[in-house]
Amino acid sequence: MSYIHFPVLAVMLLFMGAFLTVVFGRHNQGVRVGICTVTSVGAFALIAALIKPVMLGGEVISYWMGNWSPVEGYAIGIGYEVDQLGLFFALLVVATVLLSAIYSIKYMENDSSLDFYYVLFQMLAGGVLGLVLTGDVFNMFIMIEIMTFSAVGLTAFRNHKWGAVEAAFKYLIIGSIGSSMVLFGVAILYAQCHTLNMAQLSSILSGNNSPATIMAFALMFTGLAVKAFIVPFHAPAADSYAAAPTSISMVFSGMVNKAGVYGMIRLVYIIFRAMDSSALQMLMVVFGCVTMFVGVTMALAQHDFKRLLAFHSISQIGYVITAAGLGTALGLTGGLFHAMNHTLFKGLLFLCAGAVLKQAGTTNLDQLGGLSKRMPKTTICFLVGAFSISGLPPFNGFASKWLIYQAAFAKAVESGKIIYAFVTVIAVIVSVMTLASFIKVTQAAFFGQLPARLNDVQEAPTLMLVPMWIMSILCVLSGIFYNVVDKYLLAPATDAAINVTNYIDTMMGGGYAAAAGVRNIAIAPAEFSYWNPILWLVLFIVVLAAAFIVMITGKSDRGEILCAETDVEDGKYATFFSGEHSLPSHVAGSDLFWGFKKDWKKYFHVIEGLHSGIVSDYALWAVAASAVIVIVMFGFMR
Amino acid sequence: MSILVTLFNILIFPGLLFVCVIGLILAGVDRKVLARMQKRVGPPLVQPFYDFFKLMGKETIVPHAANKAVYLAAPVVGFTSLVVMMLFIPIFGYSAFSGSADMIVIMYLLTIPAVALIVGGSASGSPYAGIGVSREMVTLMSYELPLVLVLLSVAKAAGGNALCFSLNDIVSWQQATGSGITHASLIPAALAMLLVIPAEVGTQPFDVAEAETEICEGPLIEYSGAPLAMFKLNTAMKMFIMTSLFTCLFLGGINTGIVALNAVILVAICILLTILCMTLIHAITARLKIEHLFKFYWIVVAGLAVCSLILVWLGL
């Protein structure tokens, strides 16, 4: 069938777009936008066309570059291999790229040197897409490099701002540490196994680790953890997400850190098949919990909308790593679901922040206020995103977090380890703190009183609103119709991660896995006792109707709703502050949660001190953490 | 016919009408008993009904600084989520929609009324509401930790080595082995839950968010007329829902076999619990500061709940 060419075509299309932009798009914005639209729509269509054979048909697509197929059981060419797990992440990538491309058209209109922007944007998109589709570890490293360097370039895109250059520098240093570790790990693997093909590596390494391959595992794990920005590798993420143009921040949190997560899942579940090791599970869960906790507490301390969102990206990735680290089918399903939901709601929130930045000129939460009067549509989108990330039913964040709580607690009762019960507790508390920090944004930016200098703010242009609406609708739909998402996306992807014989056989020829002694690990498939959101929604609507009936019947003709009609000053409609209704008295971002911050001031003192902003400190953390990972793996693996 | 039964469940018992009426009665009991404890005569038992219908007939003013849609929708959203919640809390084994009741879902649904209050107050644009919003959020963070620990303790006790988040399963476990409160390891959790109830409902000494004497009812300051009536009704309903959740988790072993009689017993227990953990504490304490409230919940109450969780884990 012709669809076996689609994955490689999608990647090539994006790289070709970057090349053509250099050649033809130097001067004409229309050409650049045209090329970018064609490539992003094309990539989306090519990847979406694979849903039918791969997700529904259960096929695994393999594609040997230049038809260099394996010789005598050894893979020598570069192979692309698309299984359900890879396709799941590829779908996140192309959806993010498409929405960001639409958003960029209006959002970036006032910037100069847009040819560089579009070149780097398409390189980044192609790099991440290649990373999730490739079946070759060295090719994966190359894609990581392309991704990292385009990301660094895009972080520094607004290089007239000091913060952007600094963030790019930090990203470069920490990112290079990660890349080097991946490269080192790949080199060791090649020396040990004489192959770079993931499927073949998986069949060789299955339960067959030597000290050298454990070292390779630890290094690659660390390198990919750097790319996923889990704590303590997270410092450049906070800076670069905040400093990059918002359309790029959305891409970063939507797919660039997902690429790291994908790499980790691919590494531990498929290449090394190490998820039955309880030490590795504990390592991932501890890193995940620390990540979500540090991320959310740092977010609570932020005063800048985008920086706050950046720390939330880190925190939500912690959920994904924790869930994937549980090593159960239910946990992995929850983790993948949360990764997808994070792409949707965090993308949405970044786009809202971008709209605020473009229209109001700042994202400082202490200077904003009352924007819901001027930007009502953005406010609605923001509330949908905020409720989704806080996990309120019936939005999508609830469904995935609920799976994660359940998976962690099931792990606790089944393994008898109380620590996993506390994982559930931490996850719930982090979720509440997430809610708190979004209440802070809601109160500080969108509600409250409108400062006089923001009086002329307009609603965001339609081209920026369209991606926001799409993502809002997807947030609601994927929360309500979770079972459709599960059936067509999550269940195949989870199954592909756990049962790898099909992956190996497709790539290396039938019976190869069995010959190498690879058997599917007996991890029980996820059993859901999902809540039933559709039933709940019907109830909600019925009760809502009943409530309105009560309100209407309970109302006499005096019970009318009175609103101020124009901007006429009328004492009846004023909000009062100590009897003076004319004084502006907005409760801004840093005024909130005083009691909480006071009780936690020692913690905040320490944690803010650790985020020193000095790149050598961050490099030190990264090296220290990699040492911990290496020690744990040598001490407890096998 | 089944549609009629469903509608009956949603609109009358145990849904809308039942929870509203019982909630308002509990609010009346609370006020009456509190007055008697303070040597006052107190309002009649049905005073909350009078208040509700009076407010319903008053005009609703939307302030100039407010976002009208969010400001008016917030109380209704809170109200509906409370009604929906009641449909899923089993009354000694009887629940309107069995099978999908889950304690994590209940816990999240419980946050929706609080979020509705926060968002509605925030949308009103008043600085007092801003302070109230901040405090309400910190209160929410405070009691969420003990609440989740309590729920996990009960889940572990009921499920043993299997996952048991379903409230129906927890009730049937209690009916087989005796109410939760009779298990020694769950007693600290029950105490913690009793302390979570007043914070969730927002009664003194945990009413920092609404603190009438300092910030003039905080988030509610700009509300008037029907939306205010809805918020007052929500508070009353929360009294009933929290006490019946306690009953479900810790006193679920009672079953007479007759639904109506069970409902009467539930109401009686809820009245007792209201007097015990809301009226009594209200009468003998003064309002805490927000930072003290946070410390109290994260150290004392959560400590009780952790004790319970560890005891349950050890199989005691």
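Remarks
- Per residue, chain A reaches -22000 deg cm²/dmol at 222 nm when only DSSP H runs of four or more residues are counted, each adding -39500 (n - 2.57).
- Residue-averaged beta-carbon neighbours from other chains (10 angstrom radius) around A:416-425: 4
- Listed by chain and number, the aspartates and glutamates placed with their C-alpha closer than 19 angstrom to that of B:Lys156 are A:Glu414, A:Glu527, B:Asp102, B:Glu144, B:Asp169; residues fewer than eight positions away on the same chain are left out.
- Computed from backbone phi with θ = phi - 60° and the Karplus coefficients 6.51, -1.76 and 1.60, the 3J(HN,Hα) list for the stretch A:107-123 is 5, 8, 4, 8, 8, 9, 6, 5, 4, 4, 4, 5, 4, 5, 4, 6, 4 Hz; x is used for glycine and proline.
- Cα long-axis angle, helix B:127-159 against chain B (0 to 90 degrees, to the nearest 10): 10 degrees
- Highest-first arrangement of B:220-230, B:126-136, where packing means the average Cβ count within 10 Å: B:126-136, B:220-230
- Normalised by residue number, the volume inside the convex hull of the Cα atoms of the stretch A:419-477 is 115 Å³ per residue.
- Rounded to the nearest Hz, the phi-derived 3J(HN,Hα) couplings of the stretch A:177-193 under the Karplus curve 6.51 cos²θ - 1.76 cosθ + 1.60 (θ = phi - 60°) are 4, x, 4, 4, 5, 4, 4, 4, x, 4, 4, 4, 4, 5, 5, 7, 10, where x marks glycine and proline.
- Counting Cβ atoms of other protein chains within 10 Å of each Cβ in A:298-307 and taking the mean gives 0.
- Using alpha-carbon coordinates, inclination of helix A:137-155 to the longest axis of chain A, degrees: 30 degrees
- For the stretch A:196-206, the Karplus equation 6.51 cos²θ - 1.76 cosθ + 1.60, evaluated at θ = phi - 60°, returns couplings of 10, 7, 4, 5, 5, 4, 4, 6, 6, 7, 4 Hz by residue, with Gly and Pro reported as x.
- Choice from B:Lys295, B:Lys39, B:Lys58 showing the highest fluctuation, given a GNM over chain B with Cα pairs closer than 10 Å: B:Lys39
- Translational diffusion of the stretch B:1-117, µm² s⁻¹ [Kirkwood Rh, Cα pairs; Stokes-Einstein; 20 °C; 1.002 mPa s]: 129 µm²/s
- Straight-line cross-link partners of A:Lys170 among the lysines, defined as a Cα under 17 Å from its Cα and at least 8 positions apart when in the same chain: A:Lys161, A:Lys227.
- Each Lys or Arg adds one and each Asp or Glu subtracts one; over the other residues with Cβ under 12 Å from the Cβ of B:Thr274, this totals +2.
- The stretch B:2-313 - Debye-derived log10 I(q)/I(0), Cα point model, q = 0.13 Å⁻¹: -0.94
- For the peptides B:170-179, A:320-329, the ranking by packing is A:320-329, B:170-179, with the highest mean count of neighbouring Cβ atoms within 10 Å listed first.
- Straight-line reach from A:Lys377: taking Cα to Cα under 17 Å and skipping same-chain neighbours fewer than 8 places apart, the aspartates and glutamates in range are A:Asp456, A:Glu459.
- Estimated D of the protein assembly as shown in µm² per second, where Rh is the Kirkwood radius over Cα pairs and Stokes-Einstein applies at 25 °C, 0.890 mPa s: 85 µm²/s
- Once the Cα gyration tensor of the stretch A:168-228 is diagonalised, semi-axes √(5λ) in Å: 25, 10, 9
- Mean residue ellipticity (222 nm) of chain B, computed from DSSP H runs ≥ 4 via -39,500 (n - 2.57), nearest 500: -22000 deg cm²/dmol
- Between the Cα long axis of helix B:68-88 and the first principal axis of chain B there is an angle of about 20°, rounded to the nearest 10.
- Summing Cβ point charges (Lys, Arg +1; Asp, Glu -1) relative to the Cα centre of the protein assembly as shown gives a dipole of roughly 780 debye.
Only the coordinates and a few stated rules stand behind these numbers; no lab work does. Note that the coordinates shown come from a computational prediction; the quantities given were computed from them, not determined experimentally. Heads up, the Cβs are rebuilt from the backbone with ideal geometry, glycines too, and the neighbour counts pull from every protein chain shown.
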